[in-house]
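Working notes for the structure below.
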Amino acid sequence: MDAAAGPAQPAEEQPEQLLSIGAAAATAGTSERALRYYQQLGLITPAGCTKGGLRRYSRDDLARVAWIRQMQTLLGLSLDEIAAVLRTDDRLAEIRHAYSEALSDAERISLVAESISLQQALRATVEAKRQAIDAFLADLDARISRKSEFLAQLTGQADAVGPSGS
């Protein structure tokens, strides 16, 4: 360690290094335009801003972007559906905080009941997507089956007619 640098601070005391929009986009595997659009839709809020108005992103911001991208690609959710999921996540975080500060059992019971209700609604959204995917797969299976039967008929006819067509 360089003596002029002074003693190293523990990780929890060091200020988090915020990323520029370009670095954040590269790290998140998305574009700067997507980050701006997510912000415009209220899906993310950059952790900071420079005096000149340039956005700065934290690790938590990047984790949220990764969660957004996962919901898009893995679950096939639209940005409106993702916004609803994120609102639910944000409310669940508020509930956890409120639960730790709740003064009465009645408050805690109410918070847990709300948490369950929110998670059931989220599950219903995901279940609807799963059912849509199952229906899509069933349709694909039916198409594959029909084409396979057709191919079998064609190859059976070709064998019966012979290679010269006679």
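Values quoted throughout were computed directly from the atomic coordinates according to the rules given, and no laboratory measurement underlies them. As the structure is a computational prediction, the values presented were derived from the model and not from experiment. Don't worry about glycine lacking a Cβ; one is built from the backbone with ideal geometry, like all the others, and counts go over all protein chains shown.
Under 1.5 on a/c is rounded, so check that first for segment 16-74, then, if it is not, pick prolate when a/b is larger than b/c and oblate when it is not; a ≥ b ≥ c are the square roots of the alpha carbon gyration tensor eigenvalues.
prolate
Evaluate the distance, in nm, between pseudo-label points positioned 7 Å from the Cα of ASP60 and of ARG87 along their respective Cα→Cβ axes.
For ASP60 paired with ARG87, the spin-label model returns 2.1 nm.
Take the Cβ-Cβ distance between ARG96 and ALA138 as r, set R0 to 41 Å, and report the resulting FRET efficiency rounded to the nearest 0.05.
FRET efficiency, ARG96 to ALA138: 0.55.
If each DSSP helix of 4+ residues adds -39,500 (n - 2.57) and the sum is divided by the residues in the chain, what number results at 222 nm, nearest 500 deg cm²/dmol?
Roughly -23500 deg cm²/dmol at 222 nm, from the helical runs in the chain.
Using the basic label-point model (7 angstrom from Cα toward the beta carbon), what is the ALA26 to ILE116 distance in nanometres?
Taking the simple label geometry, ALA26 and ILE116 are separated by 4.9 nm.
Using only the Cα atoms of the chain, what are the Rg and Dmax in Å?
So, for the chain, Rg and Dmax equal 26.7, 94 Å respectively.
Show me the helices of the chain, taken as full DSSP H stretches, that run 15 Å or more along their long axis by Cα and average -1.0 or above in Kyte-Doolittle hydropathy.
Span-like helices in the chain: 59-73, 79-101, 105-161.
Please work out the Cα center distance from segment 91-141 to segment 36-54, rounded to the nearest Å.
Segment 91-141 and segment 36-54 have Cα centres separated by 27 Å.
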